[in-house]
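Asks: Please see the structure below; I have some questions.
The values are calculated or read from the model by the stated rules, or taken from the named source; none is laboratory data. Predicted, not measured: the structure shown is a model, and the values here were computed from it. For neighbour counting, all protein chains shown are included, and Cβ atoms are generated from backbone atoms with ideal geometry for every residue, glycine included. Just the protein is used for accessible areas: all its heavy atoms, side chains included, with ligands, DNA and RNA removed. Shrake-Rupley method; radii C 1.70, N 1.55, O 1.52, S 1.80 Å.
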Amino acid sequence: MSDRTNDEIGRIPLIVANWKMNLTASEAVAFAERFVPQLQAHALGTRFEVAIAPAYPALGPLRKALEGSKIQLAAQNFHPAEAGAFTGEVSLAMLEDLGCDFALIGHSERRQLFGEGDDVIAAKAQRLEGSPVCPILCVGETLDQRESGATLEVVDAQLAAVLDVTGAGLARRLVIAYEPVWAIGTGRTATPDLVQTVHAAIRKTLVARLGAVGQATRILYGGSVKPSNASALLSQRDVDGALVGGASLDPDSFAKLALACLETA
Ligand code: PEP
């Protein structure tokens, strides 16, 4: 786990794999054995960063398999309570104990399939205050919201719900991921121009709320990112990395994608 803040890291590209409910612990270890050597000769940690968010059972084995590689570990979720009678849930302390560097909060699948509202997401952000685990806050509009012209309003409200409860320490470690819901897992990628427009609006809000801290916040894009479109998206001024679902499940394709992002660094 690193305790560096965003201004110390600089806005070097951060590429995060979100495996969702895919890959067993043994498959995760086999992935690492094939993936790590492909990135080893490159400037991981100085020119770009890579993190992987496996399913919970693979967190420990993957941590071990990534040892010495500078590839970071991310969790897909956690429960906002400290501990207690929450059958089937995982706490932040458990993620800290496993050495997680990041945790996703507010992913659209959590919002849509598990009914997580902004209040739950804000509670998770509050739990992260003072933790070495950095939040990756996912925001994004549905197709209906985009078509009705509500994109910026929706994204701003999702950001505000978390920024309203974010203290100075957490703000300096926050990562945002803009993920239009209509582009997730659909093969339908937003154009680089469209992505830059929303990222610029997010940057404006971050700077208005957080000042210089908002200038140093990384804003990732997610939604059908693949090796062929990664560098065009990442060459946009306010795109500081990618959150990748489908294209992160194959070690060769994810390595290709991460290296394409490095070209824009
Ligand atoms: C995601 O789930 O965060 C995601 C971006 O998925 P995909 O790359 O498959 O669209």
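Asks: Given the stretch 52-104, what whole percent of its Cα pairs are spread farther than 17 Å?
Replies: Details: 436 of 1378 pairs.
The calculated P(r) of the stretch 52-104 puts 32 percent of pairs beyond 17 Å.
Asks: Also, quick follow-up: Hull surface divided by four, with the convex hull built on the Cα atoms of the chain: how many nm²?
Replies: With the hull built on Cα positions only, its mean projection is 12.5 nm².
Asks: If I model the stretch 118-200 as equal point scatterers sitting on the Cα atoms and use the Debye formula, what is log10 I(q)/I(0) at q = 0.12, 0.14, 0.17 Å⁻¹?
Replies: Values returned for q = 0.12, 0.14, 0.17 Å⁻¹ are -0.39, -0.52, -0.72.
Asks: Nearest 0.05, what FRET efficiency do SER231 and ALA85 give at R0 = 51 Å with Cβ-Cβ as r?
Replies: Numbers: r = 48 Å, r/R0 = 0.94.
That pair, SER231 with ALA85, gives E of 0.60.
Asks: For SER148, what accessible area in Å² do you get when you roll a 1.4 Å probe over the heavy atoms of the protein chains, rounding to the nearest 10?
Replies: That residue has around 90 Å² of solvent-accessible surface.
Asks: Now, a different point. Given a 1.4 angstrom probe, what's the average accessible area per residue across the stretch 60-106, in square angstrom?
Replies: Working: 2150 Å² over 47 residues.
That works out to 46 Å² for each residue.
Asks: Have a look at LEU257, THR191, ALA177 and report the one farthest towards the positive end of the charge dipole of the stretch 163-257, computed about the Cα centre with Cβ charges (Lys/Arg +1, Asp/Glu -1).
Replies: Toward the positive end, the furthest listed residue is ALA177.
Asks: Can you give the accessible area per residue of the stretch 113-235, in Å², using a 1.4 Å probe? Intermediate values should be presented prior to the final figure.
Replies: On the way: 4810 Å² over 123 residues.
For the stretch 113-235, the solvent-accessible area averages 39 Å² per residue.
Asks: Could you give the nm distance between label points at GLN126 and THR46, where each point is 7 Å from its Cα heading toward the beta carbon?
Replies: Each label point is offset 7 Å from its Cα along the Cβ direction, giving 4.2 nm.
Asks: In the stretch 151-223, carbon and sulfur make up what percent of the accessible area (probe 1.4 Å)? Before the final figure, lay out each step's value.
Replies: Working: 1530 of 2640 Å².
After summing per-atom areas, the C and S share lands at 58 percent.
Asks: Still on this model: Who wins for biggest fluctuation among TYR56, TYR178, TYR221 in a Gaussian network model of the chain, springs between alpha carbons below 10 Å?
Replies: TYR56
Asks: Using the Kirkwood radius over Cα pairs, work out the Stokes-Einstein diffusion coefficient for the stretch 46-200 at 20 °C and 1.002 mPa s, in µm²/s as a whole number. Show your work: numbers first, answer last.
Replies: Values: Rh = 16.6 Å.
D, rounded to a whole number, is 129 µm²/s.
Asks: Let me ask something additional. In the neighborhood of ASP252, defined by Cβ-to-Cβ distances under 13 Å, what is the net charge if each Lys or Arg adds +1 and each Asp or Glu adds -1?
Replies: Summing Lys/Arg as +1 and Asp/Glu as -1 gives +1.
Asks: A further question follows. For VAL120, what charge total do you get from the other residues with a beta carbon under 10 Å from its beta carbon, if Lys and Arg give +1 and Asp and Glu give -1?
Replies: On the way: positive: ARG110, ARG111, LYS124; negative: GLU116, ASP118, ASP119.
Counting the neighbours of VAL120, the net charge comes to 0.
Asks: Quick one: pull the percent of accessible area on the stretch 4-113 belonging to carbon and sulfur, 1.4 Å probe, ligands and nucleic acids left out.
Replies: Working: 2740 of 5030 Å².
Carbon-and-sulfur percentage of accessible area, whole number: 54.
Asks: Roughly how big is the stretch 1-111's charge dipole about its Cα centre, with Cβ charges of +1 (Lys, Arg) and -1 (Asp, Glu), in debye to the nearest 20? All intermediate terms of the calculation are to be shown ahead of the outcome.
Replies: On the way: 10 positive and 13 negative charges, 79 e Å.
Rounded to the nearest 20 debye, it is 380 debye.
Asks: Which part of the stretch 169-206 falls in the paramagnetic zone of SER148, meaning amide N under 19 Å from the point 7 Å along Cα-to-beta-carbon?
Replies: 180-183, by backbone N distance to the label point.
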